[in-house]
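Have a look at the structure below, then the notes.
Just so you know, all these numbers are worked out from the coordinates, no wet-lab data involved. Computed from a predicted model, the values in this text were never measured in an experiment. Here the Cβ positions follow ideal geometry from the backbone for every residue, glycine too, while neighbour counts run over all protein chains shown.
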């Protein structure tokens, strides 16, 4: 927990918590849901529902995480919201195991593919639902883990789903790493830490580029690095996510991750330069590939600053305070919605408000409140 000297971070965290409690959580619980209690995929910029949009089932899972966590903290009475979303998610189990991928606006199945990335979030949802509301979901999570093992396991790591596709990506493995940590927190079962350790080994062996201190994204069947658009793109937001996750793994295992977390952090800070924000994608030399600025990237950058603050890295608390203050001024709207993306010249270019971003926002705000000693009270 940061000391009293970091008053700027505490003030920024208090404002962000008020926004979540008074604006965002009530808005999405009431205006962001439609038939069968399911969350919409996105909203218009004016906050109107878009019921004709195809829905990704993983968005329901992300919202289950958000509202379970909010209920756990006493920030919002979210059980009814969570149970509706959980019932909706569970109604789209695949007959051969796992969950389907996409749902039509009329609630028929659009795509019954079992996607690996999706299943990481189904596990995160089940972990939090089981931890806060119903322990039966923890047994369901164990069954989903068995399903992933039986159908998506490769010689190292996992395939992209059923049917398998290419390229292989680090991103689904990163979120499975996150889900295993959440399942360990919910159950105390050391087997989930062991599974997280297996992914940590993949990170060290393949995902982390020690020469450039970056996270590699795309791979072939045998983890050979692939090229994309002439080279391998670098997503600074994913590096920021790994910094936070590595530090969370360190707290649970006492494994020293400093060499990796600090190298990634230095690289991320170099990408931001004199700005507080990160762009969406870079070339390997750090030059811009996509100079846009998604909100989720900034949320993960905030979490990286907070993780490094907790690890005692100098000036990271100041950076956390600066970016959280900036988020509340530039990205988070007073009506409980958000400006999801800005262009290279600072213009807001998002055409809608994607619900999926709330997972990143809420995680970042709760971490800022935890580090500031504000998390338990609303």
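Tabulated values for the structure
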item: Any hit, the stretch 135-144, residues being crowded, with 21+ Cβ neighbours inside 10 Å and closer than 22 Å to residue 51 by Cβ; result: no
item: Residues within the stretch 251-309 that are free of Cβ contacts under 8 Å to residues at least 24 places away in the same chain, under 23 Å from residue 202 (Cα atoms), touching a helix residue (DSSP H, G or I) at 6+ places or on another chain (Cβ under 9 Å) and in a helix (DSSP H, G or I), tallied; result: 1
item: Scope the stretch 156-207; condition under 25 Å from residue 256 (Cβ atoms), touching a residue at least 24 places away in the same chain (Cβ under 8 Å) and not in a helix (DSSP H, G or I); matching residues; result: 156, 157
item: The lone exception for residue 18 - which of (1) outside any loop (DSSP other than H, G, I, E, B); (2) loosely packed, with under 15 Cβ neighbours inside 10 Å; (3) touching a residue at least 24 places away in the same chain (Cβ under 8 Å) it fails; result: (3)
item: Only one of 217, 156, 150 that is in contact with a strand residue (DSSP E or B) (Cβ under 8 Å, 6 or more places away or on another chain) and either under 17 Å from residue 115 (Cβ atoms) or surrounded by fewer than 21 Cβ atoms within 10 Å (Cβ to Cβ) (or both); result: 217
item: Within the stretch 343-361, considering residues that are in contact (Cβ under 8 Å) with a residue 60 or more places away in the chain and part of a strand (DSSP E or B), the one surrounded by the fewest Cβ atoms within 10 Å (Cβ to Cβ); result: 354
item: Which numbered condition residue 89 misses (of (1) touching a residue at least 40 places away in the same chain (Cβ under 8 Å); (2) closer than 30 Å to residue 164 by Cβ; (3) surrounded by 23 or more Cβ atoms within 10 Å (Cβ to Cβ)); result: (1)
